[in-house]
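Okay, so here's the structure we're looking at.
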Amino acid sequence: MKFLVTGGAGFIGGNFVHYMVDTYPEDEIVCLDLLTYAGNLETLKSVENKPNYKFVKGDIADRDFIFDLFKKEKFDVVVNFAAESHVDRSIENPEIFVKTNVMGTTTLLDASKEYGVKRYHQVSTDEVYGDLPLDRPDLFFTEETPLHTSSPYSSAKAAADLFVLAYQRTFGLPVTISRCSNNYGPYHFPEKLIPLMIARALDNESLPVYGKGDNVRDWLHVYDHCVAIDLIIRKGKDGEVYNVGGHNERTNLEVVKTILKALDRPESLINFVEDRKGHDMRYAIDPKKLETELGWKPKYNFDTGIQQTIQWYLDNKEWWQNILSGEYQEYFDKMYKEKGRI
Ligand code: NAD
Ligand code: TYD
């Protein structure tokens, strides 16, 4: 089978490319990525010369380019990871989120329809369900939870999901959607909570925790996410949505303290700063459908996964230090220094 993996130079897409190239040497993996600030070919260095792998640079929202690529390559399966993925950036500049996350998705759907793709898989997020209150730990997101978004990021992801489902109903395109909770693991871009805190703690710099740090996220190791997507593509039913998460809820403060403890750094580095606008309180996934229908079982819990992840950042300093030394600095100044967050 021939796979198109979009956004494969990013965090989750990169982990998925590694997983697929290594697990299925008989399949062909074409990685398409625009190499925005979040895309990094260093992430793909160790697969670069594998015979079943190829990289193509391009924009999922560039219709002519995408149609030419689909005509030439005749993909069997499309897995769409490509997106603008950071909530804080979506608050600063929503428009690119519409272009990439919505129009990029409809362009891929049109090309998939035109060139007879056998499975289109959309990588979505639990953020499309909005948030849950902190005082109702009995509530979880199921696949039936209504879409109720908070940020420009989650709104664009929800719009994309609705287009994916519409293409199944209207045109009979074979689609699946996965909605996962917050991922963590190797190759995570250091603008997101966990890698940002690891990198700053290692440099003994202050750790900007939004609000009171009591927001809850349900952490999923990226390896377990990749296994889930593979299962859904191969065994999932057309037109179905599958939630992915392993009941690993932690407050942000708990996560930050775990990192400090593992790195032997003092809690005095924690700095409570102005909250994010519209900040979702709690995400929590009910993964029963994926577990019972497709037999998914996560390998990591948060306690084992976070230690493995911290070790990866210690062993791969060059990967993230190269990022910190580039245009990232401008982003950090704008989002943290100029807002008085550090
Ligand atoms: P990321 O920001 O690390 O990577 C996104 C990748 O997409 C980058 O390599 C970037 O260069 C590429 N890209 C951006 N615009 C593009 C375009 N127009 N054409 C081609 N490539 C483009 O994101 P991630 O964290 O790996 O997330 C991957 C997917 O998973 C996204 O769709 C995101 O919404 C979803 N998701 C992520 C999380 C998470 O915790 N990271 C959780 C739930 C869902
Ligand atoms: P993030 O990694 O941006 O993921 P998401 O917003 O998609 O959940 O943030 C995770 C949580 O950490 C979220 O509640 C916001 C919080 N956070 C901070 O407290 N400080 C930071 O510097 C960042 C980036 C996030």
query: Non-local amide H neighbours of Cys180 (under 5 Å, H modeled in plane, Pro and chain starts lacking H): which ones?
result: Ser124, Thr125, Asp126, Val244
query: Given a cut-off of 18 Å, what percent of all Cα-Cα pairs of segment 1-52 lie beyond it?
result: 20
task: Can you tell me how much longer the chain between Lys237 and Glu48 gets when fully stretched, taken as 0.36 nm per residue apart minus their C-alpha distance, in nm with one decimal?
output: 64.8 nm
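For the chain, return all DSSP H helices satisfying: extent of Cα atoms along own axis at least 27 Å; mean Kyte-Doolittle hydropathy at least -0.5. List each step's numbers first, then the result.
Details: long enough: 152-171 (28 Å, 0.23).
Span-like helices in the chain: 152-171.
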- prompt: On alpha-carbon atoms, Rg over Rh for the chain using Kirkwood Rh?
  reply: 0.94
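Translational diffusion coefficient of segment 1-122 at 4 °C, 1.567 mPa s, Stokes-Einstein with Kirkwood Rh over Cα pairs, in µm²/s as a whole number.
Numbers: Rh = 14.4 Å.
Answer, rounded: 90 µm²/s.
Can you tell me which of 45-58, 83-96, 129-142 comes out highest on packing, and rank the rest after it, using the mean Cβ neighbours within 10 Å?
83-96, 129-142, 45-58
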message: Taking the Cα centre as origin and putting +1 on Lys and Arg beta-carbons and -1 on Asp and Glu beta-carbons, what dipole magnitude results for segment 107-258, to the nearest 20 debye?
response: 380
field: At 0.890 mPa s and 25 °C, Stokes diffusion of segment 117-173 via Kirkwood alpha-carbon radius, µm² per second
entry: 193
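When the Cα atoms of segment 30-89 are enclosed in a convex hull and the volume is divided per residue, what value in Å³ results? Working shown, then result.
Working: hull volume 6.0 nm³, N = 60.
Each residue corresponds to 100 Å³ of Cα convex hull volume.
Starting from the coordinates of the alpha-carbon atoms of segment 53-137, obtain the Kirkwood hydrodynamic radius over all distinct pairs and give the value in Å to one decimal.
Working: mean 1/r = 0.0686 Å⁻¹.
Computed over segment 53-137, the radius equals 14.6 Å.
Could you sort the peptides 118-127, 102-111, 3-12, 301-310 by per-residue average Cβ neighbour count (10 Å cutoff), highest mean leading? Let's see the in-between values first.
On the way: 118-127: 23.4, 102-111: 21.9, 3-12: 26.5, 301-310: 17.2.
Packing proxy ranking, top to bottom: 3-12, 118-127, 102-111, 301-310.
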- prompt: If amide H atoms are built 1.01 Å from N in the plane of the peptide, which residues on other chains or at least 5 residues away come under 5 Å of the amide H of Arg276?
  reply: Gly211
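So if I place +1 on the C-beta of Lys and Arg and -1 on the C-beta of Asp and Glu, and nothing else carries charge, what would the dipole magnitude of segment 190-263 be about its Cα centre? I want it in debye, nearest 20.
Details: 10 positive and 11 negative charges, 23 e Å.
With only Lys, Arg, Asp and Glu charged at Cβ, the dipole is about 120 debye.
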- prompt: What translational diffusion coefficient, in µm²/s and rounded to a whole number, does the Stokes-Einstein relation yield for segment 227-338 at 20 °C and a viscosity of 1.002 mPa s, taking the hydrodynamic radius as the Kirkwood radius over Cα pairs?
  reply: 121
- prompt: For segment 263-274, in order, what is each residue's ³J(HN,Hα) by Karplus, 6.51 cos²θ - 1.76 cosθ + 1.60 with θ = phi - 60°, in whole Hz (x at glycine and Pro)?
  reply: 9, 6, 10, x, 5, 5, 6, 5, 10, 6, 10, 3
task: Count the DSSP beta bridges whose two residues both fall in the chain, then state the antiparallel fraction as a percent rounded to the nearest 5.
output: 10
query: Just from the alpha-carbon atoms, what are the Rg and Dmax of segment 165-312 in angstroms?
result: 17.5, 57
- request: Using all C-alpha to C-alpha distances in segment 299-342, build P(r) with 5 Å bins and read off the rounded percent in each one.
  value: 5, 20, 15, 14, 16, 17, 11, 2, 0
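Sort Asp161, Asp22, Asp315 so that the residue with the fewest other Cβ atoms within 10 Å of its own Cβ comes first and the one with the most comes last. It would help to have the intermediate numbers written out before the result.
Values: Asp161 20, Asp22 13, Asp315 10.
Neighbour counts put them in this order, fewest first: Asp315, Asp22, Asp161.
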- prompt: What ratio of Cα Rg to 2.2 N^0.38 Å holds for segment 212-277?
  reply: 1.56
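What do you get when you divide the Cα radius of gyration of segment 183-243 by 2.2 N^0.38 Å, with N the number of residues?
On the way: Rg = 16.0 Å, N = 61, 2.2 N^0.38 = 10.5 Å.
Output field value: 1.53.
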query: With the calculation restricted to Cα positions, what are the radius of gyration and Dmax of segment 53-210 in angstrom?
result: 17.7, 55
statement: the chain: relative contact order from alpha carbon pairs under 8 Å, six or more residues apart, as a whole percent, is 17
- prompt: Along segment 276-286, what does the Karplus equation 6.51 cos²θ - 1.76 cosθ + 1.60 (θ = phi - 60°) give for ³J(HN,Hα), rounded to whole Hz, x for Gly and Pro?
  reply: 5, 5, x, 4, 5, 7, 9, 10, 7, 9, 9
query: Of Gly213, Pro190, Gln321, which is farthest along the charge dipole of segment 184-342 in the positive direction, counting Lys and Arg as +1 and Asp and Glu as -1 at C-beta?
result: Gly213
field: Residue-by-residue Karplus 3J(HN,Hα) for segment 184-192, coefficients 6.51, -1.76, 1.60, Hz, glycine and proline x
entry: 8, x, x, 6, 7, 5, x, 9, 8
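All of the numbers you see were taken from the coordinates with simple rules; none came from a lab. Keep in mind that what you see is a predicted model, and the values were worked out from it rather than measured. Glycine gets a Cβ as well: all are built from the backbone with ideal geometry, and neighbour counts include every protein chain shown.
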